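Asker: Starting off with a structure, shown below.
The values are calculated or read from the model by the stated rules, or taken from the named source; none is laboratory data. All values derive from a computational prediction rather than experimental measurement. Using ideal geometry, Cβ is built from the backbone for each residue, glycine included, and neighbour counts are taken over all protein chains shown.
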Amino acid sequence: MSVPTRGYLTLAAGSSRYLEMAVDMALSLREHTRHPIGLVCDEATAETVTARYGTVFDCVAPVGPDFRHGRALKYGVAEASPWDQAIFVDADCLVLGALDHAFDALTDRPLAFLGELLTRDDNEHHHGFSTRRLMSTFGLDNYLKTNSGFFAFRKAPAELFMRECLRCFLEEAQPKLRLSRLRGAWLGDEIAIGLIGGRHKLPPLPKPGEMYWPAEFDSLDPDRPTKPLLHFIAPLPDRTFRELMRVVEDRRETAGVPWTGADHWVAEQASLERRARPRRWLERLKIWR
């Protein structure tokens, strides 16, 4: 039996900001793996990569046209993957330690996401939705509450799973959750992943988790990280953010990669600040839809 090919993938499409973050993520990842790193993107982004960042990524793969529907881009990563097994890391992440161990989860499951498989006995908050209400609305006994910024997959079964997610996103989640969205809930790719993952009772990645969660951001020391992955899902403390940007700039200089400033990360930090305000308000009032 041949040994499966393995590599990492990230995603950037439609915005130069995501490409710049993907470059920084890939350079941070290179310090902790010998596996190749690929970028899934649109045609315009591929042209920029060829012109400016040819040494950063080992391959560039186009995202399929079926997945270019707003928040559905990530569902196209499996079909774009050139490898039998892959680990996906979101562009808005910085890698602080080794992640190769996530491939081990693929020995007994086709995909492995961060998170937890919930039942109707649980009722947690996920992007403004009550997980119990989601299970009731879609007739489920389980829901995979996940952060899709990091997951491992085997290509063939993941293609089928992600196609299911795309159909669910377009034909089920968008129509049935329209009112909740008007009330402030956020319908990203993770809701359909949670629904389809629940239908398949997909086990998550083993704990302890690889990712820093917002409650841990205040204790994050970039020089002595206790977890291997930082996902920019909430605003960072100013001091930590400045220290990370210094490391990012030094890393680009060492790699001989163009650096025009941290505007892409500053814009991301500002966006997170804006999004955090209504989310904190909703969570305080427990308005889960």
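Asker: Quick check: anything in segment 170-187 under 17 Å from the mean Cα position of the chain (by Cα) and assigned to a helix (DSSP H, G or I)?
Answerer: Start the filter on segment 170-187 by keeping residues that are under 17 Å from the mean Cα position of the chain (by Cα), which leaves 186-187.
After this cut, where a residue has to be assigned to a helix (DSSP H, G or I) as well, the list is none.
Looking through segment 170-187, none of the residues is under 17 Å from the mean Cα position of the chain (by Cα) and assigned to a helix (DSSP H, G or I).
Asker: Based on what the data block shows, is Leu202 in a loop (DSSP other than H, G, I, E, B), more than 21 Å from Glu273 (Cα to Cα), out of contact with any Gly (no Cβ under 6 Å at 6 or more places or on another chain) and of a type in the set (A, V, I, L, M)?
Answerer: Details: in a loop (DSSP other than H, G, I, E, B): yes; more than 21 Å from Glu273 (Cα to Cα): yes; out of contact with any Gly (no Cβ under 6 Å at 6 or more places or on another chain): yes; of a type in the set (A, V, I, L, M): yes.
For Leu202, the condition - in a loop (DSSP other than H, G, I, E, B), more than 21 Å from Glu273 (Cα to Cα), out of contact with any Gly (no Cβ under 6 Å at 6 or more places or on another chain) and of a type in the set (A, V, I, L, M) - is met.
Asker: Follow-up question, since we're still on this one. Could you tell me which residue of segment 29-50 is surrounded by the fewest Cβ atoms within 10 Å (Cβ to Cβ), considering only residues that are within 14 Å of Ser16 (Cα to Cα) and of a type in the set (D, E, K, R)?
Answerer: Glu43
Asker: Another question, then. Counting only residues that are of a type in the set (Phe, Trp, Tyr) and out of contact with any Lys or Arg (no Cβ under 7 Å at 6 or more places or on another chain), which one in segment 173-213 is surrounded by the most Cβ atoms within 10 Å (Cβ to Cβ)?
Answerer: We begin by selecting, within segment 173-213, every residue of a type in the set (Phe, Trp, Tyr); these are 186, 212-213.
Adding the requirement that they be out of contact with any Lys or Arg (no Cβ under 7 Å at 6 or more places or on another chain) leaves 186, 213.
Values: Trp186: 17, Trp213: 13.
That would be Trp186.
Asker: With Leu244, Leu229, Leu236 as the choices, which residue is touching a residue at least 24 places away in the same chain (Cβ under 8 Å), crowded, with 16+ Cβ neighbours inside 10 Å and within 22 Å of Gly194 (Cα to Cα)?
Answerer: On inspection, the qualifying residue turns out to be Leu229.
Asker: Which members of segment 16-68 meet the condition of being of a type in the set (Gly, Ala, Ser), within 22 Å of Gly261 (Cβ to Cβ), in a helix (DSSP H, G or I) and without any contact (Cβ under 8 Å) to a residue 40 or more places away in the chain?
Answerer: So the first thing to find is which residues in segment 16-68 are of a type in the set (Gly, Ala, Ser), and the list is 16, 22, 26, 28, 38, 44, 46, 51, 54, 61, 64.
Then keep just the ones that are within 22 Å of Gly261 (Cβ to Cβ); that gives 16, 22, 26, 28, 44, 51, 54.
Keeping just the survivors that are in a helix (DSSP H, G or I) gives 16, 22, 26, 28, 44, 51.
Selection gives Ala26, Ala44, Ala51.
Asker: Does Val248 fit the bill of being in a loop (DSSP other than H, G, I, E, B), in contact with a helix residue (DSSP H, G or I) (Cβ under 8 Å, 6 or more places away or on another chain) and at pLDDT 95 or above? Reasoning before the result, please.
Answerer: Numbers: in a loop (DSSP other than H, G, I, E, B): no; in contact with a helix residue (DSSP H, G or I) (Cβ under 8 Å, 6 or more places away or on another chain): yes; at pLDDT 95 or above: yes.
Criteria not met by Val248.
Asker: Given the criteria touching a Lys or Arg at 6+ places or on another chain (Cβ under 8 Å), surrounded by fewer than 20 Cβ atoms within 10 Å (Cβ to Cβ) and either part of a helix (DSSP H, G or I) or of a type in the set (Phe, Trp, Tyr) (or both), does Glu216 qualify?
Answerer: Values: touching a Lys or Arg at 6+ places or on another chain (Cβ under 8 Å): yes; surrounded by fewer than 20 Cβ atoms within 10 Å (Cβ to Cβ): yes; either part of a helix (DSSP H, G or I) or of a type in the set (Phe, Trp, Tyr) (or both): yes.
Against the criterion (touching a Lys or Arg at 6+ places or on another chain (Cβ under 8 Å), surrounded by fewer than 20 Cβ atoms within 10 Å (Cβ to Cβ) and either part of a helix (DSSP H, G or I) or of a type in the set (Phe, Trp, Tyr) (or both)), Glu216 qualifies.
Asker: Step by step: first the residues of segment 90-129, then only those that are in a strand (DSSP E or B) and modelled with pLDDT under 95, then the one that is nearest to Ile193 (Cα to Cα). Which residue is that?
Answerer: In the first step, residues of segment 90-129 are kept if they are in a strand (DSSP E or B); the result is 93-95, 111-113, 116-119, 125-126, 129.
Narrowing further to those that are modelled with pLDDT under 95: 125-126, 129.
Values: His125: 15, His126: 12, Phe129: 14 Å.
Top of the filtered list is His126.
Asker: For the subset of segment 1-20 comprising residues that are among the aliphatic types (A, V, I, L, M) and touching a Phe, Trp or Tyr at 6+ places or on another chain (Cβ under 7 Å), which member is farthest from Asp84 (Cα to Cα)?
Answerer: Within segment 1-20, the first condition is being among the aliphatic types (A, V, I, L, M), and the residues that meet it are 1, 3, 9, 11-13, 19.
Within this subset, residues satisfying the condition of being touching a Phe, Trp or Tyr at 6+ places or on another chain (Cβ under 7 Å) are 9, 12.
Details: Leu9: 12, Ala12: 21 Å.
By that ranking, first place goes to Ala12.
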